[in-house]
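Notes follow the structure.
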Number of protein chains: 2
Amino acid sequence: MQSKRLPRAVREQQMLDAAVRVFSERGFHAANMDEIAELSGVSKPMVYAYHGTKEELFLSCLRRESERLMERILAASDATLPPDEQLWRGIKGFFEFVGAHRDGWSVLHRQARSLEPFAGELAGMRKALVQLIAHRLDVALQKEGRQVRPDDLTSMALSLVGASESLADWLSAHPDEDPARTATRLMNAVWMGAGQLLHGHTWKPPLDERGNHQAAA
Amino acid sequence: MQSKRLPRAVREQQMLDAAVRVFSERGFHAANMDEIAELSGVSKPMVYAYHGTKEELFLSCLRRESERLMERILAASDATLPPDEQLWRGIKGFFEFVGAHRDGWSVLHRQARSLEPFAGELAGMRKALVQLIAHRLDVALQKEGRQVRPDDLTSMALSLVGASESLADWLSAHPDEDPARTATRLMNAVWMGAGQLLHGHTWKPPLDERGNHQAAA
DNA sequence: CCGTAAGGTTACGCGCGAGTAAGTTATCTC
DNA sequence: GAGATAACTTACTCGCGCGTAACCTTACGG
């Protein structure tokens, strides 16, 4: 019952879809190439023909997913906006991605971080994001006439990314939660800070053109 | 050249030490039982005799390390202190632990999180910490006469833990960095918040009895 | 309508490393 | 100092799953 022969480009994507799913469900080692092949509607040697070894296949998944995520974040956060709004939109875009691509996120964050062949690759991408955020913070600070040591900027960006990742995991375990709501919570944590919240100063999402809260979108 | 016969209790700890090191260097799957045995000064069947399967051995490592970490954090953060100081001390204790037990931390955070047999166990411990923090936040808020929805408390705690983990990874890659300095940076991120920092309001570590900054200890 | 290449398959080799059976010495106890 | 037992070793088995060799078959360009 083999459905139909498909052109390489199409099959390659199906294979990546299947691989992302299986890797995220079972983890890299427990994932087995036959299962990935079957889920792609094809037999194992085809996977090897198109994507090389298991390791190379995983790397392809990693690259595709992280590229999509980065695009999403960059598209959402516009450098010309005020800093809080940049942050808000970036975070919201990130959580929306995670909400929509659970297993892609799992491949990136859970699997790739621990396994040595991939950790480096992923660390590189994460670093790029951290540096981007650090740079935008720097710009915002300079507009206020302030200057901060580079390590302090990096720490701030790392905290932000770490907090986001942590909430992203929580979000992916709570499918019914609205990503924008989670984003709002994160803004309260990292933009306002616990000290402010103690005194009742909270952060609220900005209004869009129609006057609706973006969080309710 | 077998050095000496040792009582079980001693050998068991040596094995855990060796295992933590090897697991953290190679990862769970790439780690091999012979290497762990050799590093414990003993041959493989002894490891099986004392710690059961590879999986059980890893679980023992996980439990020992996470217990030590929890103890450390609880000992440092005293619930009778004001909230910012509780947070400060807890974070500082955490980073000091990570600085002193790099590979223990690696086993916990990098390895255990992704591998299915262990992820659940670790998630449980992490959850306990998150709930502890959420509870203390709640107490602090109630002292101010405020009330916050439980999910908002949890989010705040999750952000905090996530940010800490992120900086802990950075710290373990920068051995010369002072843990207390990293803790200060984290306080600025999560207690003050990016919004405050933009306006030049920063957080400084409290003074100890002798008038020294604790960060310089 | 035929040749050829792209899409596809079945069936296997083989290395690695978890786990063990059977046996050997040190050490402690009475 | 005998005998029991805890500490330890050598030398295997064996299954799993990655990766491949060798072989079909459908589509389609000329």
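May I ask you to report, in nm to one decimal and beginning with the shortest, the distances from B:Gln147 to the same position in the other copies, taking label points 7 Å along Cα-to-Cβ?
Distances between equivalent label points, in nm: 5.0.
State, to one decimal in nm and shortest first, how far the label point of B:Arg8 sits from each corresponding label point in the other identical copies (label point: 7 angstrom along Cα-to-Cβ).
6.1
Using only the alpha-carbon atoms of chain A, report the extent along each of the three principal axes, biggest first, to the nearest angstrom.
63, 39, 30
Count, for each residue of B:148-160, the Cβ atoms from other chains sitting within 10 Å of its Cβ, then give me the mean as a whole number.
Details: counts 4, 1, 0, 6, 7, 1, 3, 12, 9, 3, 11, 15, 7.
Rounded to a whole number, the mean comes out at 6.
Which one of B:Arg185, B:Arg21, B:Arg89 has the biggest mean-square fluctuation once chain B is modelled by GNM with Cα springs under 10 Å?
B:Arg185
Provide an ascending nm list, one decimal, of label-point separations from B:Lys204 to the equivalent residue in each further copy; define each label point as 7 Å from Cα along Cα→Cβ.
Spacings between copies for this position, smallest first, are 3.5 nm.
For the protein assembly as shown, just run the numbers: alpha carbon Rg, then divide by 2.2 N^0.38 Å, N being how many residues it has. List each step's numbers first, then the result.
Numbers: Rg = 23.3 Å, N = 434, 2.2 N^0.38 = 22.1 Å.
Normalised by 2.2 N^0.38 Å, the Cα Rg of the protein assembly as shown equals 1.05.
Largest first, how would B:Leu171, A:Leu87 line up by accessible area (1.4 Å probe)? Before the final figure, lay out each step's value.
Numbers: B:Leu171 5, A:Leu87 30 Å².
Solvent-accessible surface, decreasing: A:Leu87, B:Leu171.
Return a single number: how many Lys pairs in the protein assembly as shown, at a sequence separation of 8 or more or on separate chains, have alpha-carbon atoms below 16 angstrom apart. Before the final figure, lay out each step's value.
Numbers: A:Lys44/A:Lys54; A:Lys92/A:Lys204; B:Lys44/B:Lys54; B:Lys92/B:Lys204.
The number of close lysine pairs in the protein assembly as shown is 4.
So what is the relative contact order of segment A:1-132, in percent, for Cα pairs below 8 Å that sit 6 or more residues apart?
Values: 105 pairs, mean separation 32.6, N = 132.
Rounded, it is 25 percent for segment A:1-132.
On a 0 to 90 degree scale, rounded to 10, what angle separates helix A:83-100 from the longest Cα axis of chain A?
On a 0 to 90 degree scale, this one is about 30.
Heads up, I need the accessible area for A:Thr184: 1.4 angstrom probe, whole protein in place, Å², nearest 10.
Here the accessible area works out near 20 Å².
Could you tell me which residue in chain A puts its beta carbon nearest the axis mapping A onto B, with the distance rounded to whole Å?
Output: A:Gly193, 1.
Could I have the simple spin-label model distance between B:Ala173 and B:Ala100, label points 7 Å from Cα toward Cβ, reported in nm to one decimal?
For the pair B:Ala173/B:Ala100, the computed spacing is 2.5 nm.
Given R₀ = 56 Å, FRET efficiency for A:Glu38-A:Ala79 by Cβ-Cβ distance, to 0.05?
Values: r = 45 Å, r/R0 = 0.80.
It comes to 0.80.
State, to one decimal in nm, how far the label point of A:Glu25 lies from the label point of B:Tyr48, with both points 7 Å from Cα in the Cβ direction.
Result: 3.2 nm between the two label points.
The values are calculated or read from the model by the stated rules, or taken from the named source; none is laboratory data. Being a predicted model, the structure only gives us computed values, none of them experimental. FYI the Cβ positions are ideal-geometry reconstructions off the backbone, even for glycines, and counts take in every protein chain you see. What goes into the accessible areas is simple: the full protein's heavy atoms, side chains included, and nothing from ligands, DNA or RNA. Shrake-Rupley method; radii C 1.70, N 1.55, O 1.52, S 1.80 Å.
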